[in-house]
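Accompanying notes for the structure given below.
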Amino acid sequence: MEQLTIGNLARHAHVNLETIRYYERLGLLPSPPRTQSGYRLFPDDAVRRLQFIRRAQQLGFALKEIRDLLGLRFRPGTRCADVRERAEAKIAEINEKIRSLQAMRKALVRLVGACSGRGPVSDCPILESLDREEHR
């Protein structure tokens, strides 16, 4: 089994050194033992773990959720259904965000449609609407 210094790990996993340190502090990446000269040597599977974290982040999982996913792999009695349940919850969360973003878009389209883009800023219907919304 090959062991990697933090610099080599960062290069292989395409992450910043500080990212590795941060993930260690959060418990996403186990802290490796130190050599007598003080170097930390990570196992080569740390690259795979970092790539897992990044892929999970790209799918919208928060670091706390990723820590839970990583923990499921080693928790006795965990079933594939447990992982699926978390993925389905993430899908529901993403769907809610999409609905929220669509509502924001609809409101902005309405505001832009009410503004000709001409006249002084003091008469801007977009700013007037935002001012009214703020006082509701």
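The values are calculated or read from the model by the stated rules, or taken from the named source; none is laboratory data. Please read these numbers as outputs of a predicted model, since none were measured by experiment. A quick note on method: Cβ atoms are made from the backbone with ideal geometry, for glycine too, and the neighbour counts reach across all protein chains shown. All accessible areas refer to the heavy atoms of the entire protein, side chains included, with ligands and DNA or RNA removed. Shrake-Rupley method; radii C 1.70, N 1.55, O 1.52, S 1.80 Å.
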Looking only at the range 71-79, decide whether some residue is closer than 30 Å to G7 by Cα and either at pLDDT 95 or above or small (G, A, S) (or both).
yes
Long-range neighbours under 6 Å by Cβ, at least six apart or interchain, first residue of a type in the set (V, I, T) within the range 114-132, second in a helix (DSSP H, G or I) and surrounded by 10 or more Cβ atoms within 10 Å (Cβ to Cβ)
I126/L111
If I go through the range 69-86 residue by residue, how many of them are farther than 21 Å from G27 by Cα, among the small types (G, A, S) and assigned to a helix (DSSP H, G or I)?
1
Tally the residues that are touching a residue at least 12 places away in the same chain (Cβ under 8 Å), open to solvent by 50 Å² or more (accessible area, probe 1.4 Å) and of a type in the set (A, V, I, L, M, F, W, C), restricting the search to the range 61-84.
1
Selection status of Q58, open to solvent by 60 Å² or more (accessible area, probe 1.4 Å) and closer than 20 Å to A13 by Cβ:
yes
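Assess whether C124 counts as being among the hydrophobic types (A, V, I, L, M, F, W, C) and open to solvent by 40 Å² or more (accessible area, probe 1.4 Å). Give the steps one after another, and end with the answer.
Working: among the hydrophobic types (A, V, I, L, M, F, W, C): yes; open to solvent by 40 Å² or more (accessible area, probe 1.4 Å): no.
Answer is no for this residue.
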Specify the residue that is nearest to L72 (Cα to Cα); the eligible residues are those in the range 105-121 that are open to solvent by 100 Å² or more (accessible area, probe 1.4 Å) and of a type outside the set (V, I, T).
R105
